Amino acid sequence: MALTKDQIAQRLSQELKDGYYVNLGIGIPTLVANYIPEGIQVMFQSENGLLGMGEFPAAETVDPDLINAGKQTVTAATGAAYFSSSESFEMIRGGHVDLTILGAFEVDQKGNLASWMIPGKLVKGMGGAMDLVASAQNIIVAMMHANKKGDSKILKECTLPLTGVQCVSKVITDLATLELRDGAFHLLERAPGVSVEEIQEKTEANLVINGEVPEMRLSAPVPA
Amino acid sequence: MAGFNKIVTRYEDALAGLTDNMTVMAGGFGLCGIPEGLIDQLVKMGAKGLTCISNNAGVDHFGLGKLLDTRQIKTMIASYVGENETFEQQFLSGELEVILTPQGTLAEKIRAGGAGIPAFFTPTGYGTMVAEGKETRKYNGKMYVLEESLTADFSLIKAYKADTMGNLIYRKTTRNFNPMMAQAGRITVAEVEEIVEPGELDPDFIHTPGIYVDRVIQGTFEKRIEQMTLKQPAHA
């Protein structure tokens, strides 16, 4: 069975390591904050100027002066820091953030991703996405393997305007975990019950498969 | 003699000298940390043909959205402009020119502008539409794009506290673009929640030193929330 968005987030959370500073993009990546593995501590960076983003506030503690990059009201975790937008992107471009997880429309086998513009549709802007992928070492894309029409979003070459080039290290979808190496996607894991054949069928890019491909392990139960 | 006293009490004095076709920076991220009263005053003054530099363009009829309603903005430089139908209509009709700039590049362009640096190389946007027509250069095996800095005739910013000398402190995530814009404005006007006497702000904790600030006005703020998100009650 293909994973739900929450299950993708659950699988993504296994990429978190103790002591990591992490930037989560809007959409599926945001859900990762709900699945921090027990016994590890991470700090979430929000590019509008907050390191140490906490959970959403209770109604009586909402503060309009405290939002995240998705413009949602949030709280600050213990040990948080506030700073300007330029300093925020110094952290990001300077490679100080350990892990960036973001969504995309398309990813290709060169490690390029497209996530901000669909020609013919109204362009709202790239926000901080181009900066987030510009020099980070560890970028994971979280997305559906295929679009609603069933077309693969894992491509030989992106068709949409790019957000960044040669920057993606891993892709986690509703069907598979893929690692980018030497100009190809390497199939690391299958979603539980999804066959290698189905993944191949829904992957337009070159896919390297070495031996038995294990199933993902989704440890914690998915909340209803 | 005014000396270092930057306080003005009337909004018309706060924006005196702001005329048609000027470049205006406005602080804020979404509706968080925006100079609400200064925007209202700009609407009242009616200066037209403005080039407006701000991370976003407000929402319909609030924040910079008010300046779109009155068609005072000719060019908008921003990183993300969703959440605004008026904006969409004016953009699609060609009435409004939009220069989309990656958020970190926008922040750095403004920082550099205020710091006397005309341009800089950044990795952001290399190999994308943003880099088209721009000089690129390789450093240590990686490609970078030359981006030019930004300055403004007026910077309209929002701070939490000021002293009468224009030293500023921001609160939480309202800081965002405000400190860099304070530096990049030929005339910088700060709208603040509270004004105190010199010496009352701890010099160790001043975010924007008064040298960057020309005028300070005390405002009242609605602080509209764009996305109210609350903690879900624990599952039963």
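The values are calculated or read from the model by the stated rules, or taken from the named source; none is laboratory data. Keep in mind it's a predicted model, so treat the numbers as computed, not measured. Neighbour counts run over all protein chains shown; Cβ positions are idealised from the backbone, glycine included. Note: areas computed on protein heavy atoms with side chains; ligands, DNA, RNA excluded. Shrake-Rupley method; radii C 1.70, N 1.55, O 1.52, S 1.80 Å.
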- Item | Candidates B:Ala57, B:Ala26, B:Ala78: whichever shows maximal mean-square fluctuation once chain B is modelled as a Gaussian network with Cα springs under 10 Å | B:Ala78
- When the accessible area of chain B is computed with all protein chains present and a 1.4 Å probe, what percentage of it is carbon and sulfur? 49
- Provide the packing ranking of A:159-167, A:130-138, A:74-82, B:203-211, i.e. peptides ordered by the mean count of other C-beta atoms within 10 Å per residue, highest first. A:130-138, A:159-167, A:74-82, B:203-211
- Task: Shielding by partners for A:70-80, please: the mean number of other protein chain Cβ atoms within 10 Å of each residue's Cβ.
- Result: 4
- Item | Residue-count net charge about A:Glu90 - beta-carbon cut-off 12 Å; Lys, Arg +1, Asp, Glu -1 | -2
- Over the whole of A:58-69, what's the average partner chain Cβ count within 10 Å per residue? Rounded to a whole number, please. 6
- Accessible surface buried upon B-A contact (total; probe 1.4 Å; Å², nearest 100): 4000
- Item | Helical mean residue ellipticity (222 nm; -39500 (n - 2.57) per DSSP H run of 4+; nearest 500) of chain B | -5000 deg cm²/dmol
- Magnitude of the Cβ-charge dipole of the stretch A:156-224, K/R +1 and D/E -1, about the Cα centre, nearest 20 debye? 220
- the protein assembly as shown, Kirkwood Rh and Cα Rg, ratio Rg/Rh at 1.00
- Task: Find how many whole Å separate the alpha carbon centroid of the stretch B:19-85 from the alpha carbon centroid of the stretch A:1-31.
- Result: 36
- Message: Please give me the summed charge of the neighbours of B:Asn84: other residues whose Cβ is under 10 Å from its Cβ, Lys and Arg +1, Asp and Glu -1.
- Response: -3
- Item | Phi to ³J(HN,Hα) by Karplus 6.51 cos²θ - 1.76 cosθ + 1.60 over the stretch B:86-93, Hz, x for Gly, Pro | 4, 4, 3, 4, 5, 6, 5, 7
- Under the Karplus curve 6.51 cos²θ - 1.76 cosθ + 1.60, θ = phi - 60°, whole-Hz ³J(HN,Hα) for the stretch A:24-41, x wherever Gly or Pro sits: 10, x, 6, x, 3, x, 4, 5, 4, 4, 7, 10, 5, x, 5, x, 10, 10
- Cα pair distances in chain B, grouped into 10 Å bins until the bin that holds the longest one, percent each: 8, 31, 33, 19, 8, 1, 0
- Relative contact order computed over chain A (Cα-Cα under 8 Å; 6+ residues apart), in percent: 19
- Task: Rank these by accessible area, largest first, 1.4 Å probe: A:Arg217, A:Arg190, B:Arg137.
- Result: A:Arg217, B:Arg137, A:Arg190
- Over its Cα atoms, what ratio of radius of gyration to 2.2 N^0.38 Å does chain A give? 1.02
- Query: By per-residue mean of other Cβ atoms within 10 Å, what is the highest-first order of B:196-202, B:47-53, B:33-39?
  - Reply: B:33-39, B:47-53, B:196-202
- Label-point gap, in nm, between B:Met143 and B:Thr9 - each point 7 angstrom along Cα→Cβ: 6.0
- Message: How many angstrom lie between the Cα centre of the stretch A:104-127 and the Cα centre of the stretch A:179-210?
- Response: 22
- Item | Spatial separation of Cα centroids for the stretch B:171-229 and the stretch B:94-166, in angstrom | 21
- Task: Report the residue, chosen from B:Gln72, B:Gln218, B:Gln90, that carries the largest GNM mean-square fluctuation when chain B is represented by alpha-carbon nodes joined by springs under 10 Å.
- Result: B:Gln90
- Note on the structure: The answer for A:His145, listing residues at least 5 apart or on another chain whose modeled amide H is closer than 5 Å to its amide H, is A:Asp174, A:Leu175
- Message: Ranking request for peptides A:199-208, A:100-109: highest mean number of other beta-carbon atoms within 10 Å first, then the rest in descending order.
- Response: A:100-109, A:199-208
- Query: Three principal axis extents, largest first, for the C-alpha atoms of the stretch B:62-114, in Å?
  - Reply: 31, 18, 17
- Of all DSSP beta bridges with both partners in the stretch A:5-208, the antiparallel percent, nearest 5, is 55
